[in-house]
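Engineer: Dropping the structure in here first, questions after.
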Amino acid sequence: MIALLLALSLATTAATAAPDPMQGDQLEQVVLLSRHNLRAPVVASGALANATPERWPGWDVASGELTTKGGVLEVYMGRYIGQWLRQAQLLPPSDCPQPGDFHAHANSLQRTQATAQFFVAGAFPGCHVAVEQRMPLGTMDPLFNPVIHRDDAAFRARAVSAMQQALAATDLAPALSVVEAITRYPQSAACSAHSDCRLALTDTSFSAAPGNEPRVSGSLALASGLVDALLMEHYQGSGIPREGWGRLNTEVQWQALAQIRNRYQDILFGTPEVARDVAGPLLARVDALLEDPASPKVSLLVGHDSNIGSVLAALGITDYTLPGQYEKTPIGGLLQFERWRDHGAGEVRYRLVYVYPTREQLRGSIPLTDAQPPGRVELVLPGCGQSGCSEAQFENLLHSP
């Protein structure tokens, strides 16, 4: 599959828009924090199968693995970003990158390692660029493992309380009803022993145990898994002419599904104290990469939606929208930490940009070009202006308690 996609990347060229710097500024360094691309649903097949009387479409890869289409889509993103960086004069215009130019490090799961490899194939066709893998394949790299690190009872109590309050602040009952109707949950095997079986938040409970991810059980977790499976099928596109068994066909329904998925992520990884703890290792890595003069000009870190969501929440960024997407942390999207320097005054500014494929680009396998670019949203960092953060402001954000 790698050889096929490498040939694809060599055979196709794409024009990309040059960076839009502030007047007189030069891009000096970029750290890319990416979510893996399209994968098969990761929720256990038994839970999904028991939650609907319908039969789920089959996948040609194992649960949680990157699909062939996901590889193609990541080649498109890698090619686009690679050309963007060359036009910014951050990478060599034609030669293969040297260690001081580019480095890739991905979590040690198949979908993240494969995503990084396909990104490299698109960005540097014909080049041998290694992807760092620190743990055995199939195990979590501590850098990307979104677990609770603090081990004290008071923190755990505050974390659970914050998640409960976040849940109470949102009315998800109408959206849960949409999931019920699409999946026919009341008629599923999971409801066979219950006379009035519904997806309801009253059975939801939370935990924040050290060494484990923040967790939720009950209807919210099940509904999020069902929505995830429907989203992955939507992006996979081909061979699924009747989405949701013919019952998922309106934008209102998709918005309801998106509300569940986004709120699930926000509740688990978006409360400030939990986010700061969970995202601590990644924030420290970003800080080290941007501070060390010996760091590569471009660093790629490939992880998960929980990584991106917790990093954004830890930085105080929660209220943002990504036009053309349902998810707040979409498949194949990446955060672009950019360091710019004003050559006149010598001042450094930091900017944060979310670059992501739209749902149409994902579903239609549309190559990313200047005429059909990915979505791009510049995120305003708290306490900073529209032109970005000063060094002091950015350091304060990374190290705030």
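Engineer: What are the ³J(HN,Hα) values, in whole Hz, obtained from phi via the Karplus relation 6.51 cos²θ - 1.76 cosθ + 1.60 with θ = phi - 60°, for each residue of the range 121-133 in sequence order, with x given for Gly and Pro?
Structural biologist: Taking θ as phi minus 60°, the curve returns 4, x, 6, 9, x, x, 9, 9, 10, 6, 10, 5, 10 Hz for the range 121-133.
Engineer: Amide H neighbours of L379 under 5 Å, at least 5 residues apart or on other chains, H built in the peptide plane: list them.
Structural biologist: L352, V353, Y354
Engineer: Shifting gears a bit: How much of the accessible area of the range 243-340, in percent, comes from carbon and sulfur atoms when a 1.4 Å probe is used?
Structural biologist: It is 54 percent, rounded to a whole number.
Engineer: Once amide H atoms are built 1.01 Å from N in the peptide plane, which residues 5 or more positions from A106, or in another chain, come under 5 Å H to H?
Structural biologist: Here the answer is E132, V302, since their amide H atoms fall under 5 Å of that of A106.
Engineer: Same structure, new question: Roughly how big is the range 255-309's charge dipole about its Cα centre, with Cβ charges of +1 (Lys, Arg) and -1 (Asp, Glu), in debye to the nearest 20?
Structural biologist: For this selection, approximately 220 debye.
Engineer: Okay, moving on. Evaluate the charge dipole of the range 34-165 about its Cα centre and quote only its size in Debye, nearest 20, assuming +1 on the Cβ of each Lys and Arg and -1 on the Cβ of each Asp and Glu.
Structural biologist: On the way: 11 positive and 10 negative charges, 58 e Å.
So the dipole magnitude of the range 34-165 works out to roughly 280 debye.
Engineer: Another one. Please give, to one decimal in nm, the separation of the simple spin-label points placed at V353 and D196, each 7 Å out from Cα toward the Cβ.
Structural biologist: Those two pseudo-labels are separated by 5.4 nm.
Engineer: Step through the residues of the range 102-114 one at a time and calculate ³J(HN,Hα) from phi using the Karplus curve (6.51 cos²θ - 1.76 cosθ + 1.60, θ = phi - 60°), rounding each to whole Hz and writing x for Gly and Pro.
Structural biologist: Those phi angles translate into 8, 8, 10, 9, 10, 4, 8, 9, 4, 5, 7, 4, 5 Hz.
Engineer: Provide the convex hull volume over Cα atoms per residue for the range 30-162, in Å³.
Structural biologist: Details: hull volume 23.3 nm³, N = 133.
In the range 30-162, the Cα convex hull volume per residue is 175 Å³.
Engineer: Then there's this: So what is the diffusion coefficient of the range 268-321 in µm² per second by Stokes-Einstein at 25 °C and 0.890 mPa s, using a Kirkwood Rh over Cα pairs? Intermediate values should be presented prior to the final figure.
Structural biologist: Details: Rh = 11.8 Å.
The calculation lands on 208 µm²/s.
Engineer: Here is a follow-up. Spelling out what I want: for every residue of the range 244-251, take phi, set θ = phi - 60°, compute 6.51 cos²θ - 1.76 cosθ + 1.60 (Karplus), and round to whole Hz; glycine and proline get x.
Structural biologist: Per residue, the Karplus-derived 3J(HN,Hα) values read x, 6, x, 10, 10, 8, 10, 5 Hz.
Engineer: Still on this structure, please answer the following. Packing-wise, with mean Cβ within 10 Å as the measure, how do 319-331, 224-236 rank, highest first?
Structural biologist: Descending packing order for the listed peptides: 224-236, 319-331.
Engineer: For the range 262-395, what relative contact order do you get, as a whole percent, if you take Cα pairs closer than 8 Å and at least 6 residues apart?
Structural biologist: Values: 172 pairs, mean separation 28.4, N = 134.
Answer for the range 262-395 is 21 percent.
Engineer: Estimate the FRET efficiency between A173 and H399 by the formula 1/(1 + (r/R0)^6), using the beta-carbon distance for r and 45 Å for R0, to the nearest 0.05.
Structural biologist: With R0 = 45 Å, the Cβ-Cβ based efficiency is 0.65.
Engineer: Top mean-square fluctuation among H103, H128, H36, Gaussian network model of the chain, C-alpha springs under 10 Å?
Structural biologist: H128
Engineer: A further question follows. May I ask which residue of L201, I317, V348 lies farthest towards the positive end of the charge dipole of the chain, with charges of +1 (Lys, Arg) and -1 (Asp, Glu) on Cβ and the Cα centre as origin?
Structural biologist: L201
Engineer: Please give the FRET efficiency for S217 paired with R55, using the beta carbon to beta carbon distance and R0 = 41 Å, rounded to the nearest 0.05.
Structural biologist: Efficiency for this residue pair is about 0.95.
Engineer: Please check: in the Gaussian network model of the chain (C-alpha springs, under 10 Å), which one of P125, P373, P382 has the largest mean-square fluctuation.
Structural biologist: P382
Engineer: Show the residues, 5+ positions off or on another chain, whose built amide H is closer than 5 Å to the amide H of I148.
Structural biologist: Long-range HN contacts for I148: G211, N212, E213.
Engineer: Can you pull the semi-axes for the range 86-213, root of five times each eigenvalue of the Cα gyration tensor, sorted largest first, whole Å? All intermediate terms of the calculation are to be shown ahead of the outcome.
Structural biologist: On the way: eigenvalues 377, 100, 49 Å².
In descending order the semi-axes read 43, 22, 16 Å.
Engineer: Still on this structure: Springs between alpha-carbon atoms under 10 Å, Gaussian network over the chain: tell me which of G332, G237, G383 tops the mean-square fluctuations.
Structural biologist: Comparing G332, G237, G383 in a Gaussian network model of the chain, the most mobile one is G383.
Engineer: Taking the dipole about the Cα centre of the range 359-401, with the C-beta of Lys and Arg at +1 and of Asp and Glu at -1, give me whichever of V380, P367, L398 is farthest to the positive side.
Structural biologist: It is P367, whose Cα lies furthest towards the positive end.
Engineer: Under a plain spin-label model, where a point goes 7 Å from the Cα along Cα-to-Cβ, how far apart in nm are D292 and M135?
Structural biologist: Reported label-point gap for D292 and M135 is 2.0 nm.
Engineer: How large is log10 of I(q)/I(0) for the range 105-165 at q = 0.13 Å⁻¹ when the intensity is taken from the Debye formula with one equal scatterer per alpha-carbon?
Structural biologist: Debye output, listed in q order: -0.53.
Engineer: A further question on this structure: Averaging the inverse of every distinct alpha carbon separation and then flipping it gives the Kirkwood radius. What is it for the range 307-368, in angstrom units?
Structural biologist: Evaluated on the range 307-368, it is 13.6 Å.
Engineer: So, in nm, how far is label S207 from label A153 when the simple model puts each one 7 Å beyond its Cα toward the Cβ?
Structural biologist: 1.8
Engineer: How much area per residue is accessible in the range 246-325 when the probe is 1.4 Å and only protein heavy atoms are counted (Å²)?
Structural biologist: Dividing the accessible area of the range 246-325 by its residue count gives 34 Å².
Engineer: Okay, moving on. Compute and list, largest first, the equivalent-ellipsoid semi-axes of the range 256-401 from the alpha carbon gyration tensor, each √(5λ) rounded to a whole angstrom.
Structural biologist: Gyration-tensor ellipsoid for the range 256-401: 26, 20, 14 Å.
Engineer: Just how large is the dipole of the chain about the Cα centre, in debye to the nearest 20, putting +1 at every Lys and Arg Cβ and -1 at every Asp and Glu Cβ?
Structural biologist: Around 760 debye, computed over the chain.
Engineer: Can you tell which of G244, Q255, N307 lies farthest toward the positive end of the dipole of the range 186-311, using +1 and -1 charges on the Cβ of basic and acidic side chains (Lys, Arg; Asp, Glu)?
Structural biologist: G244
The values are calculated or read from the model by the stated rules, or taken from the named source; none is laboratory data. This is a predicted model, so every value here is computed, not measured. Backbone-built Cβ (ideal geometry, glycine too); neighbour counts: all protein chains shown. Remember, those area values only see protein heavy atoms, side chains included, never the ligands or the DNA or RNA. Shrake-Rupley method; radii C 1.70, N 1.55, O 1.52, S 1.80 Å.
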